[in-house]
Amino acid sequence: MNLKSLLVLVFTLFATSNLVADEGDADISFYTGTFDVIDKEGDDQTSLFGIEHKNPNLFRDTFLGKFKPVTGGFMTGDSSVYLYTGVEGQYGIGPLKILPSFAPGYYEKGDGKDLGSVLEFKSEIKVGLDLFENSKLSYSYSHISNNDWGDTNPGTDNEQITFSKKF
C-alpha cells in the first residue's frame, strides 16, 4: 500500500462521514474479500478492504422497490483504489435482504490490475442477513468494468463479506 492510495482512502472515509445526517443516522459497512476472483493466471488476484456509507434519510420507496444512495471505496492489496457513488435497491424476505446496486466510480490501478480507464462501473448483488436490530452480515459478488469506453476492458469480478451497522 503506497502513501497516495492510503491518503485517497482516508479522504473517502472523511467525505462519507460528512454525509451523515444531523440526527446521527448512518449505515456504515466495512467489507473485505478477494479482488479479481476469476483471474485465470492468478497474477492480479489480491485482497481488498473497503468502507461504504448509506444515508437512511435518503431512502425512497418506489413502485420498483426501495432505493437509497450508496457511497464508498476500497483498496486492494496491490494498492489499487476504487471510489464510487451510486444507488442500491433493497428487497426483503423476513430477515434476509437482497441488495442489488450500481455505482460508477474512479479507479486508480496502483500496482494492480489495469482496467483500461479511470471511469469504471460496479454492478453488485449482495445477500444479507439481519443479525441484530441494527446490524447485518452479508455476502456480495460484484463486477467492475468500463463498458468498453477505455483502451481495454478486462473487467474484474470480486467477492466480499460485509458487516453493516446503523448508528
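The phi torsions of the range 77-94, fed into the Karplus equation with coefficients 6.51, -1.76 and 1.60 and a -60° offset, translate into couplings of x, 9, 6, 6, 10, 10, 10, 9, 8, x, 10, 10, x, 9, 10, x, 10, x Hz, rounded to whole numbers, with Gly and Pro shown as x. One equal scatterer on each Cα of the chain, no solvent, Debye formula: the resulting log10 I(q)/I(0) at q = 0.11 Å⁻¹ is -0.44. Volume per residue of the convex hull around the Cα atoms, evaluated for the range 94-167, comes out as 100 Å³.
Antiparallel DSSP bridges in the chain: what percent, to the nearest 5?
On the way: 78 of 78 bridges.
In the chain, DSSP labels about 100 percent of beta bridges as antiparallel.
Hey, what did the chain get for relative contact order, percent, Cα under 8 Å, at least 6 apart? In percent, rounded to a whole number, it is 21. Phi-derived couplings, Karplus 6.51 cos²θ - 1.76 cosθ + 1.60 at θ = phi - 60°, listed residue by residue for the range 30-44: 10, 9, 9, x, 10, 8, 6, 4, 9, 4, 5, 7, x, 7, 9 Hz, with x used for Gly and Pro. Quick one: go through the range 52-91 and flag any residue whose amide nitrogen is under 20 Å from the point 7 Å out along the Cα-to-Cβ line of Glu159. Zone members listed by number: 74-78.
Amide H to amide H, with H built 1.01 Å from N, Ala26 comes under 5 Å of Phe167, counting only residues 5 or more places away or on other chains.
Over what distance in Å are the Cα centres of the range 97-167 and the range 43-77 separated? When both Cα centres are located, 7 Å separates them. Rounded to the nearest 10 degrees, the inclination of helix 3-17 to the longest alpha-carbon principal axis of the chain is 20 degrees. For the set Val127, Val70, the ranking by accessible area, highest first and with no ligand, DNA or RNA atoms included, is Val127, Val70 under a 1.4 Å probe.
Stretched out fully, how many nm does the piece from Leu131 to Thr32 gain, at 0.36 nm a residue minus the Cα gap?
Values: separation 99, 0.36 × 99 = 35.64 nm, distance 1.82 nm.
Net length gain for the segment: 33.8 nm.
Here the Karplus relation 6.51 cos²θ - 1.76 cosθ + 1.60, evaluated at θ = phi - 60°, turns the backbone of the range 147-164 into coupling constants of 6, 6, 8, x, 4, 9, 9, x, x, 8, 10, 9, 10, 9, 10, 10, 10, 10 Hz, with x for every Gly and Pro. For Gly155, nonlocal amide neighbours, meaning residues 5 or more places apart or on other chains whose placed amide H falls under 5 Å from its own, are Asn146. The label point for Phe102 and the one for Trp149, both projected 7 Å from the Cα toward the Cβ, are 1.2 nm apart. Legend: Rg and Dmax of the range 45-128, from Cα coordinates, 14.4, 44 Å.
The values are calculated or read from the model by the stated rules, or taken from the named source; none is laboratory data. Bear in mind that the values here come from a model prediction, so they are computed numbers and not experimental data. A quick note on method: Cβ atoms are made from the backbone with ideal geometry, for glycine too, and the neighbour counts reach across all protein chains shown. Accessible surface areas use protein heavy atoms only, side chains included; no ligands, DNA or RNA. Shrake-Rupley method; radii C 1.70, N 1.55, O 1.52, S 1.80 Å.
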